[in-house]
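Throughout, read-outs are computed from the coordinates displayed, never taken from laboratory work. Note that this is a predicted model, so its numbers are computed, not measured. Cβ coordinates were reconstructed from backbone atoms using ideal geometry, including for glycine residues, and neighbour counts include every protein chain displayed.
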Amino acid sequence: MAEPRISILMPFRNTAAFLEECLASIRGQSHENWELITVNDHSEDASKTLLEKAAVADSRIRVLENTGTGIIPALRQAYAASSGELITRMDSDDRMSPDRLETMAGELIRSGRGHLALGLVRYFSDAGVSDGYDRYEKWLNGLSASGENFSEIYKECVIPSPCWMVWRQDLDKSGAFLPDLYPEDYDLCFRFYRIGLQCLPATKVLHYWRDYAWRTSRTSEHYAQNYFLEIKTRYFLELDRQPSRPLVIWGAGYKGKKVARLLLEAGEPFRWVCDNPRKIGKKIYGVRLEHYRAIFGLPQPQSIITVANEAAQLEIKGVLGQLQLEQPKADYFFFC
């Protein structure tokens, strides 16, 4: 069987310092039937020049100009120009392992449509990787190793944005890059979940994720917490909310208040509980906060948990266990 063509979609903006390393990792792939569709998102450095030289040397590389602004129009344009049977993304400041394309394509060929190939990821940085990114890497790789990524989809983005591969037909079914919703990787993750794609367990580190102070996920307002909460709440109401069951929010910190506002805007009734004696009995946005023991009087409630403290999360799970509400993504959802 001939190697399937893989389309690599890569928007870029001001990453000249990292592009040579990135391109070398793509050109060195063991799977050679690929095309790299790059889209210049209004770079002000030498990025475009570097890629144009690379395109002259390798006909598999194309350079386009973003007719819009931002990563979503760039991805949309790259995808429209692509021709591969299999689609993957790449960040222009990162590196691929030499067998990334071969490994992911092999998994998809063996498994067929309806599947999502992933790889384990590793952060690297000249300044050292922060504790937050180190924890995220371990959590994400733990999910990817078992293929259970969607089991914790309401916590954080469970698909590594530059390290997935999918059949073109499945990406089209998900809506690809049509929605103008940020953060675009988390929204696409939910749409993969919505159409029922199955994550294939990953066994190898296939992507090296560069961390530095001015990377987009650190600086863009589109990656602020409120954007994540809006996506979580909207998809929860669409995909996992069971209207016949009461809904409970646990916690009245920033996240709890934001989720409460979003539910009120959506016209979704809920009870609000916490264990803070200074808040119990008070009203926020017209909703009275109750002691968490109020949940014992509710018939089979669903819970949105916005409490980030891990010890408190275990206590909440213990309370839910007493009520035999122990199924994640049916009985309770961690929004943190």
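Below, the figures for the structure above:
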quantity: Charged-residue dipole, Cβ positions (Lys, Arg, Asp, Glu), the stretch 6-223 about Cα centre, Debye nearest 20; calculated: 460
quantity: Within the stretch 255-284: backbone nitrogen closer than 13 Å to the SER244 label point (7 Å, Cα to C-beta); calculated: none
quantity: Share, in percent, of DSSP beta bridges within the chain that are antiparallel, nearest 5; calculated: 20
quantity: Angle in degrees between helix 184-194 and the longest Cα principal axis of the chain, rounded to the nearest 10; calculated: 70
quantity: Neighbourhood net charge (10 Å Cβ-Cβ; Lys/Arg +1, Asp/Glu -1) for LEU101; calculated: -3
quantity: By average C-beta atoms within 10 angstrom, highest first, the peptides 272-280, 80-88; calculated: 80-88, 272-280
quantity: 0 to 90° range, to nearest 10: angle between helix 225-235 axis and the chain longest Cα axis; calculated: 80
quantity: Stretch gain in nm, segment GLU265-VAL205, where the contour uses 0.36 nm per residue and the Cα spacing is subtracted; calculated: 17.4 nm
quantity: DSSP-defined beta bridges in the stretch 101-218 - what % are antiparallel, rounded to 5; calculated: 25
quantity: For mean projected area of the Cα convex hull in nm², calculated from these coordinates, the label among (i) 15.4; (ii) 18.1; (iii) 21.4; calculated: (ii)
quantity: Chain lengthening between LEU178 and GLU20 when straightened (0.36 nm per residue, less Cα-Cα); calculated: 53.9 nm
quantity: Net charge dipole size for the stretch 179-324 [Lys, Arg +1 and Asp, Glu -1 on Cβ; Debye, nearest 20]; calculated: 440
quantity: Two-site label geometry, GLN169 and LYS155: point separation in nm, points 7 Å out along Cα→Cβ; calculated: 3.4
quantity: Anisotropy class of the stretch 225-334 from Cα gyration tensor, a/c 1.5 cut; calculated: rounded
quantity: Two-site FRET efficiency, ARG135 against GLU52, from Cβ-Cβ distance with R₀ of 35 Å, rounded to 0.05; calculated: 0.35
quantity: Mean residue ellipticity (222 nm) of the chain, computed from DSSP H runs ≥ 4 via -39,500 (n - 2.57), nearest 500; calculated: -11000 deg cm²/dmol
quantity: Extended-chain gain in nm, criterion 0.36 nm per residue less alpha-carbon gap, GLN322 and ARG113; calculated: 71.2 nm
quantity: Eligible lysines near LYS138 by straight Cα distance, threshold 16 Å, same-chain separation 8 or greater; calculated: LYS155, LYS204
quantity: Environment charge of ALA46, counting only residues whose C-beta is closer than 13 Å and scoring Lys/Arg +1, Asp/Glu -1; calculated: -1
quantity: Ranked by how many other beta carbons lie within 10 Å on average, peptides 137-143, 323-329, 204-210 from highest; calculated: 204-210, 137-143, 323-329
quantity: Label-point separation, PHE124 to ARG194 (7 Å along Cα→Cβ), nm; calculated: 3.7
